[in-house]
1. How many of the residues in the range 58-88 are loosely packed, with under 12 Cβ neighbours inside 10 Å and either touching a strand residue (DSSP E or B) at 6+ places or on another chain (Cβ under 7 Å) or β-branched (V, I, T) (or both)?
2. Any idea which of K86, K51 is of a type outside the set (S, T, Y) and either at pLDDT 95 or above or under 11 Å from L8 (Cα atoms) (or both)?
3. Residues to consider are A147, A139; find the one that is touching a Gly at 6+ places or on another chain (Cβ under 9 Å) and either in the same structural domain as L7 (by TED's automatic domain parsing) or modelled with pLDDT under 90 (or both).
4. Could you check L91 against (1) in contact with a Gly (Cβ under 8 Å, 6 or more places away or on another chain); (2) exposed (fewer than 10 other Cβ atoms within 10 Å of the Cβ) and say which number it fails?
5. Which pairs turn up if I take residues in the range 106-128 that are over 14 Å from D162 (Cβ atoms) and look for partners that are charged (D, E, K, R) with beta carbon separation below 6 Å, at least 6 apart in sequence or on another chain?
6. How many residues are surrounded by 14 or more Cβ atoms within 10 Å (Cβ to Cβ), among the small types (G, A, S) and within 16 Å of L98 (Cα to Cα) when one looks only at the range 114-169?
Amino acid sequence: MIEQELLLLGLLREGPKHGYEIKIKVKQILFLFAGIELKSVYYPLKVLEQKGLIAKRIAKLGRRPQRIVYTLTVKGRSRFDDLLSKSILQLKRPQFSLDLSLYFMHYLKPSSARRRVRARLRILNKIAFGLTQMSKSKAGKKPFSLARILEHNLKMLQAESDFLSNLIKTL
């Protein structure tokens, strides 16, 4: 829940938002980069409201129907600052789906293992290409945090690609 809490409070730190707007932002941006997915934003928002971290109000713009808009409270901003500081310092061992396969890879024929690792490498290269294109399109644009996330992801992809290239040579 801490990552969800940081995510929701952080999005509201940017400014007031209605639930659907939060859901779209999570789906389009943060899931792609940070791997965070929320099945529903409304229950976690209700919990944050009960804790006094966010407030809701009904808003109406023009001819649009009324919407519930969520805003960060003073207590919520303080909690966000605390979570952000802790999150930066929190170190978790990265987990890669490949790790378990590496443990059992000796059960594959070397030719089959090489073929599968090459296929994984091709997929990683396609992802890296897409992220590079996205990075070029975001260069110099706000928010700069997306550029940092793209750079971080590209470096992790490069490290795995280097590892896989060396692994292929040893199989």
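1. Residues in the range 58-88 being loosely packed, with under 12 Cβ neighbours inside 10 Å and either touching a strand residue (DSSP E or B) at 6+ places or on another chain (Cβ under 7 Å) or β-branched (V, I, T) (or both): 4 in total.
2. None of the others qualify; the one that does is K51.
3. On the way: A139 fails: touching a Gly at 6+ places or on another chain (Cβ under 9 Å).
On inspection, the qualifying residue turns out to be A147.
4. Exception for L91: condition (1).
5. Matching pairs, first to second residue: none at all.
6. Number of matching residues: 1.
The values are calculated or read from the model by the stated rules, or taken from the named source; none is laboratory data. Note that the structure is predicted; figures quoted are calculated from it, not measured. Using ideal geometry, Cβ is built from the backbone for each residue, glycine included, and neighbour counts are taken over all protein chains shown.
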